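Asks: For reference, the structure I am asking about is given below.
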Amino acid sequence: MARLRSIRAAGDVPLVGDDRWPESQWRRIAARAAAHACPPGVGWAALTSGSSGTARIVLRTAASWELSYPRLEEELGIGPEDRVALPSPASSSLTLFSLGHRLAGGPVPLFASGRTPQARDFAEATCFHGTPQTFRALIEAGAPSRLRTALVGGSHLDLRLRQQAEHLGIRVIAYYGAAELSLVATDSGAGLTPFPGVEVAVDDHELWVRSPYLAEGYLPGPGQSADGPLRRSGSWATVGDRAQWDGDHRSGAGRLRLLGRTDSAILSASATIVPDEVEGVLRGVEGVGDAVVFGLRRPRVGALVAAAVEPTGGVPPRAESLKQAAADALPPTHRPRLWFCTEIPRTVSGKPARGTLQNRAESGQVPRLE
């Protein structure tokens, strides 16, 4: 924190890496950072998770985060006297957001003392900010006795995990956001609604956002343009996530339902399958801790729908239960044809590494579930 504070006080832009990165990744990030100067007004440089490709450097003003902090404090009921557990590394944009919050007078950060977070690292925590995977690990290791609030984002929050935490007296606020968009919508249990100060619109199932929290864009690589999923139309921006409204948005009674990233859609024969729709069904099956759906390339049909499930308690779920759940809730085109059971690979922040899993399955490195 002291080094981060001194960099910001000097008017420089910090770019936080991770000592677990391979040397080749360090070189790519460093080359990109060295090739271009930050535009005027930039206060932070955050890294995307790289869950579906190479991490990008996202540039944002200091105000784009600072304006959200008072509203977040009000929604979570937290202040500078609180201590926030941050199990994801500082290179993760969600952790960097919380470190910026501390510089602006927010809760005191608590970090893991080693490469693997331990319950004792967060014994004094009163609040939490991280992914569902790291939150589950904290709960299963024994939730800190003072923990009362959890802000959970980065991927899908399992209903059973929410219920488990609430049974322990922990208020859980899930959220949807992105490194490029910051906070977009929060869910205290009744569904996603826009975060204060945020306007959302759904155009042909694509989610667009207008808010004071948007990033400026990307830092280009050496000899490259500033490419990435962020697109703008006037004051609106999108990263290509698909969504729909359940209810009447205009009356304020609607809820936002996410349908996954457009570029993760699977084209199988004449059908387009959004993985998130299938994953939601599979996560409800007994014995499934998490699920990732992806396409395995095949001639003529384009791709076969495949699903990898991560068991709870080390006991694989029954294939018959998975197939029955898919048959009960999904049209034939959306039902997985290939099933795998494995520990899901994740980014350093805890998000499922979909591309890595797909590559492993295609090369026969993932056990099949028959």
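The values are calculated or read from the model by the stated rules, or taken from the named source; none is laboratory data. The model shown is predicted, which means the values in this text are computed figures rather than measured ones. Quick reminder, even Gly has a Cβ in these numbers, built from the backbone with ideal geometry, and neighbours come from all protein chains shown. Note: areas computed on protein heavy atoms with side chains; ligands, DNA, RNA excluded. Shrake-Rupley method; radii C 1.70, N 1.55, O 1.52, S 1.80 Å.
Asks: For Gly53, which of the numbered conditions (1) at pLDDT below 95; (2) touching a strand residue (DSSP E or B) at 6+ places or on another chain (Cβ under 6 Å) fails to hold?
Replies: (2)
Asks: Next question. Counting residues that are under 30 Å from Ile344 (Cα atoms), which helices (runs of 4 or more DSSP H) fully inside the range 1-120 reach at least 3?
Replies: Ranges flagged: 23-35, 93-103.
Asks: Let me ask something additional. For the subset of the range 103-122 comprising residues that are under 21 Å from the mean Cα position of the chain (by Cα) and modelled with pLDDT of 95 or more, which member is surrounded by the fewest Cβ atoms within 10 Å (Cβ to Cβ)?
Replies: For the range 103-122, the residue satisfying everything is Pro109.
Asks: One residue is enough: does the range 242-262 have a residue meeting the conditions modelled with pLDDT of 75 or more, within 27 Å of Pro39 (Cα to Cα) and open to solvent by 70 Å² or more (accessible area, probe 1.4 Å)?
Replies: Within the range 242-262, not a single residue is modelled with pLDDT of 75 or more, within 27 Å of Pro39 (Cα to Cα) and open to solvent by 70 Å² or more (accessible area, probe 1.4 Å).
Asks: Now, a different point. Among the numbered conditions (1) touching a Phe, Trp or Tyr at 6+ places or on another chain (Cβ under 7 Å); (2) modelled with pLDDT under 85; (3) surrounded by fewer than 17 Cβ atoms within 10 Å (Cβ to Cβ), tell me where Thr272 comes up short.
Replies: Against the list (1) touching a Phe, Trp or Tyr at 6+ places or on another chain (Cβ under 7 Å); (2) modelled with pLDDT under 85; (3) surrounded by fewer than 17 Cβ atoms within 10 Å (Cβ to Cβ), Thr272 comes up short only on (1).
Asks: Here's a follow-up. Name the residue, out of Ala125, Ala85, Ala34, that is at negative phi, of a type in the set (A, V, I, L, M) and surrounded by fewer than 18 Cβ atoms within 10 Å (Cβ to Cβ).
Replies: Ala34
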